Amino acid sequence: MSRRLVNCVFYTALIANVAVGQAVRITSFDFNQDPLLEGWRIYGQGELFSWDSVNGRVNVTWDSRLPNSYFFYPIGYELNRHDSFGVGIDFYLDEIVPGINPAKSAAPFEIAMGFIRVADATGPGFLRGTGINSPNLVEFDFFPDPGGEWVWGPSLTLIIFSTNSSHYSHGGFYPGELVPGVRYRLEMVYDGSSGTLLGTLYTNGQLWVEIPVAYLPSTFTDFRVDAFAICSYSDEGQWPGYEGSIYARGWVDNVVLSVPPPPVQELAGQVRDVDGNRIWEVSFLSGTNWVYTLERTGDFTNWEVVGGVVPGNGGRLTLVDTNPPIDRAFYRVVAHKP
């Protein structure tokens with residue numbers, strides 16, 4: 001369950017101004033500033049990701065011999081199959097070595113970037129190579145040809161994994177190869193209304209390839225993602241005889257994230273007198289894909305729900321405590337996915 005908490009204090013009229021009401025929240029990064037000071041984070045092997053302050057970009061190494069590692073930007077709330085979101089990113093490869101581990105060179109292994117759910121992707125049981133232990137992914141993958149006895153060929157694909165990895169979707173593999181020394185731009189968009197994931201690659205500002213579209217099948221349940229990440233996956237857990245590995249170096253730059261706005265915006269609270277009775281109410285701009293509750297506490301330890309669960313309407317929503325205590329109390333709005 002995705003929970004978005006917004007605290008508000010009793011007797012305070014204007015609590016917060018979270019964001020301007022809009023259909024899309026766009027955040028861009030040119031990496032001319034240290035990304036760790038702009039909200040980006042690193043998980044796992046820190047040496048795989050480093051800020052190049054001279055050129056204004058982030059150097060990246062994908063090394064499947066190491067544990068799962070990520071350079072990621074938290075969105076701040078979860079997105080699911082009904083939301084629409086996307087990313088644009090420049091990337092460049094200096095070197096790519098498929099089958100870097102001789103014991104794992106029979107099959108291809110990917111370099112990846114896309115949307116993850118941080119709690120899952122950083123968990124001990126998350127193994128991308130198994131195909132069944134990597135929940136909540138919406139990502140772009142490149143699989144180089146490892147050579148050897150299997151004839152695989154290089155391929156590009158888009159893939160979506162459900163919340164329990166029992167369902168996944170991809171549109172097939174395009175026989176394209178990422179070449180060191182070429183600057184690429186990936187534009188990847190998930191459309192929540194149609195359940196489709198589209199990806200386009202450009203080189204030198206010109207269209208290079210449209211990756212086969214990934215469609216959610218009728219059996220697909222849901223996914224939850226809350227961050228965009230450059231993913232260096234471990235090659236542990238693969239099927240015997242079909243193991244792959246990879247090593248690659250390059251950089252990323254000019255990231256533009258497009259996501260729905262936060263579930264609570266333009267939050268304001270007040271005490272009102274209604275027919276001689278004092279009430280506390282909080283109003284805010286809500287989302288259509290969220291449900292909300294108002295909670296109250298006197299000690300920040302025990303919270304109680306006041307009122308019921310109210311679905312968002314895409315406009316201004318008001319939650320009310322019709323029986324507030326005489327002395328001071330504290331309130332929060334809880335938003336979560338249904």
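The values are calculated or read from the model by the stated rules, or taken from the named source; none is laboratory data. If you're wondering where the values come from, they're calculated on a predicted model, not measured in any experiment. Here the Cβ positions follow ideal geometry from the backbone for every residue, glycine too, while neighbour counts run over all protein chains shown.
General remarks:
- Elements of type strands (runs of 3 or more DSSP E) in segment 33-79, at least 2 residues being touching a helix residue (DSSP H, G or I) at 6+ places or on another chain (Cβ under 7 Å) and in the same structural domain as PRO98 (by TED's automatic domain parsing): 57-63
- Residue in segment 266-280 that is crowded, with 17+ Cβ neighbours inside 10 Å, out of contact with any Ser or Thr (no Cβ under 7 Å at 6 or more places or on another chain) and at pLDDT 95 or above present: no
- Unique residue being among the aromatic types (Phe, Trp, Tyr) and in contact with a Pro (Cβ under 9 Å, 6 or more places away or on another chain) when the list is PHE161, PHE220: PHE161
- Within segment 243-274, the set of residues being outside any strand (DSSP E or B) and either touching a helix residue (DSSP H, G or I) at 6+ places or on another chain (Cβ under 9 Å) or without any contact (Cβ under 8 Å) to a residue 24 or more places away in the chain (or both) comprises GLU243, GLY244, SER245.
Let's see how each residue does on (1) in the same structural domain as GLY114 (by TED's automatic domain parsing); (2) more than 30 Å from ASN59 (Cβ to Cβ); (3) outside any strand (DSSP E or B); (4) touching a residue at least 60 places away in the same chain (Cβ under 8 Å):
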{"position": "SER193", "(1), (2), (3), (4)": "yes, yes, yes, yes"}
{"position": "LEU197", "(1), (2), (3), (4)": "yes, no, no, no"}
{"position": "LEU201", "(1), (2), (3), (4)": "yes, no, no, no"}
{"position": "LEU207", "(1), (2), (3), (4)": "yes, no, no, no"}
{"position": "ALA214", "(1), (2), (3), (4)": "yes, no, no, no"}
{"position": "ALA227", "(1), (2), (3), (4)": "yes, no, no, yes"}
{"position": "ASP235", "(1), (2), (3), (4)": "yes, no, yes, yes"}
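The rows are residues; the columns are (1) surrounded by fewer than 18 Cβ atoms within 10 Å (Cβ to Cβ); (2) polar (S, T, N, Q).
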residue: VAL24; (1), (2): yes, no
residue: ASN32; (1), (2): yes, yes
residue: GLY39; (1), (2): yes, no
residue: TRP51; (1), (2): no, no
residue: PHE72; (1), (2): no, no
residue: ILE96; (1), (2): no, no
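- Note on segment 171-185: residues that are touching a Pro at 6+ places or on another chain (Cβ under 8 Å) and in a strand (DSSP E or B) amount to 1.
- Search result, residues across segment 91-112 that are of a type outside the set (Gly, Ala, Ser), over 16 Å from SER155 (Cβ atoms) and not in a helix (DSSP H, G or I): PHE91, TYR92, ASP94, GLU95, VAL97, ILE100, ASN101
- Some residue of segment 285-293 being within 30 Å of PRO35 (Cα to Cα), modelled with pLDDT of 95 or more, surrounded by 14 or more Cβ atoms within 10 Å (Cβ to Cβ) and of a type in the set (Gly, Ala, Ser): no
- Which listed residue, of VAL179, VAL118, VAL138, VAL189, is within 15 Å of the chain's Cα centre (by Cα), at pLDDT 95 or above, surrounded by fewer than 23 Cβ atoms within 10 Å (Cβ to Cβ) and closer than 25 Å to VAL209 by Cβ: VAL189
- Within segment 102-114, no residue that is not assigned by TED's automatic domain parsing to the domain that holds PRO240 sits with its Cβ atom under 8 Å from a residue that is surrounded by fewer than 24 Cβ atoms within 10 Å (Cβ to Cβ) and assigned to a strand (DSSP E or B) at 6+ positions apart or across chains.
- Checked across segment 252-260, the condition of being surrounded by 20 or more Cβ atoms within 10 Å (Cβ to Cβ), within 30 Å of ASN101 (Cα to Cα) and touching a Phe, Trp or Tyr at 6+ places or on another chain (Cβ under 9 Å) holds for at least one residue.
- Any chance ASP83 is of a type in the set (Asp, Glu), over 25 Å from VAL255 (Cβ atoms), touching a residue at least 24 places away in the same chain (Cβ under 8 Å) and outside any strand (DSSP E or B): no
Conditions (1) closer than 30 Å to ARG316 by Cα; (2) not aliphatic (A, V, I, L, M), marked per residue:
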site: PHE228; (1), (2): yes, yes
site: GLY237; (1), (2): no, yes
site: PRO240; (1), (2): no, yes
site: GLU243; (1), (2): no, yes
site: VAL255; (1), (2): no, no
site: PRO260; (1), (2): yes, yes
site: VAL264; (1), (2): yes, no
site: LEU267; (1), (2): yes, no
